[in-house]
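Participant: Okay, handing you the structure first.
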Amino acid sequence: MAKEFLFSASSILLLITLFSAATTTTTSAQPLSLVQAPKQPPPAAVPAGAPGMNTVPLVPVSPSGAPTPTIPKTPTIDITQILNKAKRFSVLTRLLKTTQLINQLNSQLVTVGSGSGGLTLFAPEDSAFSKLKPGLLNSLSDREKVELLQFHTLSSFISISNFDTLTNPVQTQAGSDSKRLQLNVTTYGGGKVSMATGAVNATVTGTVYADNKLAVYQVDKVLVPLDMVLPKAKAPAPAKEVSPKSDRIRSKRQEKARVDMNCERK
């Protein structure tokens, strides 16, 4: 009886041992399955110009990719500033402003290169105006003052060495009437230039300003056109109308004078 019990206990223990070994073998033969995180979808592309996105480049670029160069503005030439800087053309500057001719001249300089050939200005200094006949400048009308200033201006740039290329009489902005607006230029060696209007002889005494658009030359006298100094012809007074009554009275007086003369002879 005891032997059977021992056999049964030994058998049970053996079975438990075999079962545990089989379980361990089976478990170790199977690979472990790792828990993997779910795959995330790739980030979506942000469309150009989406809200919150600054798509404008900080530095504008040209089509070639190079930064766009900044083109400096061409400085504007102002004739009055040039004359004021010279400090001896106050009368000329005042005339240019009061007649508003300065606006036209400065505008012409802006268009140089698109058909205009520039400007040449003969600038009488203040002492030149003091040489004028007293009251002459004040006697001129506004139109005549504009014409006087235009008579000092050529519609082209003339360098001091190119005055010998001009043809006399030189046409100014005042017009082409050679009889009343005559300007003849004479050049000498060493860049000396003189001019005559028929009323005055003047000389270029220096260069105030010169570039490829504008030339301003100082002259010692005002270039007065000939017709501005000649006495203006007065229009003949209209003939007085003679009434028939006055004619009869005159006839009676003449008849009486003849009678008296005959009486004296007798």
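The values are calculated or read from the model by the stated rules, or taken from the named source; none is laboratory data. All of these numbers come straight from a predicted model, not from anything done at the bench. Heads up, the Cβs are rebuilt from the backbone with ideal geometry, glycines too, and the neighbour counts pull from every protein chain shown.
For every residue, the table says whether it meets (1) buried (at least 17 other Cβ atoms within 10 Å of the Cβ); (2) touching a Lys or Arg at 6+ places or on another chain (Cβ under 6 Å); (3) under 17 Å from GLN150 (Cα atoms); (4) touching a residue at least 12 places away in the same chain (Cβ under 8 Å).
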residue	(1), (2), (3), (4)
ASN184	no, no, yes, yes
THR187	yes, no, no, yes
MET195	yes, no, yes, yes
ALA202	yes, yes, yes, yes
ASN212	no, no, no, yes
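Yes/no per residue for (1) more than 25 Å from ASP211 (Cα to Cα); (2) β-branched (Val, Ile, Thr):
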| residue | (1), (2) |
| --- | --- |
| PHE89 | no, no |
| THR98 | yes, yes |
| LEU119 | no, no |
| PHE129 | yes, no |
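Residue-by-condition table, conditions (1) more than 17 Å from VAL224 (Cβ to Cβ); (2) in contact (Cβ under 8 Å) with a residue 60 or more places away in the chain:
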| site | (1), (2) |
| --- | --- |
| ARG94 | yes, no |
| THR98 | yes, no |
| LEU105 | yes, no |
| LEU119 | yes, yes |
| SER139 | no, no |
| ARG143 | no, no |
| LEU149 | no, no |
| ASP164 | yes, no |
| LYS179 | no, no |
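Participant: Let me ask something additional. Would you confirm, using the coordinates I've provided, whether VAL91 is touching an Asp or Glu at 6+ places or on another chain (Cβ under 6 Å) and among the aliphatic types (A, V, I, L, M)?
Facilitator: Values: touching an Asp or Glu at 6+ places or on another chain (Cβ under 6 Å): yes; among the aliphatic types (A, V, I, L, M): yes.
Judged against the criteria, VAL91 is a match.
Participant: Just need a number here: residues in the range 129-171 that are at pLDDT below 95 and in contact with a Phe, Trp or Tyr (Cβ under 8 Å, 6 or more places away or on another chain).
Facilitator: Qualifying residue count, the range 129-171: 2.
Participant: Looking only at helices (runs of 4 or more DSSP H) that fall completely inside the range 90-180, which ones have 3 or more residues that are crowded, with 16+ Cβ neighbours inside 10 Å?
Facilitator: Numbers: elements: 90-98, 101-110, 126-129, 136-139, 142-150.
Qualifying helices (runs of 4 or more DSSP H): 90-98, 101-110, 142-150.
Participant: Of the residues that sit in the range 103-128 and are within 15 Å of the chain's Cα centre (by Cα) and within 16 Å of ALA174 (Cβ to Cβ), which one is modelled with the lowest pLDDT?
Facilitator: Keep residues of the range 103-128 that are within 15 Å of the chain's Cα centre (by Cα), which gives 103-119.
With the extra rule that they be within 16 Å of ALA174 (Cβ to Cβ), the set shrinks to 104-105, 108, 119.
Working: GLN104: 94, LEU105: 94, GLN108: 90, LEU119: 95.
Of everything passing the filter in the range 103-128, GLN108 is modelled with the lowest pLDDT.
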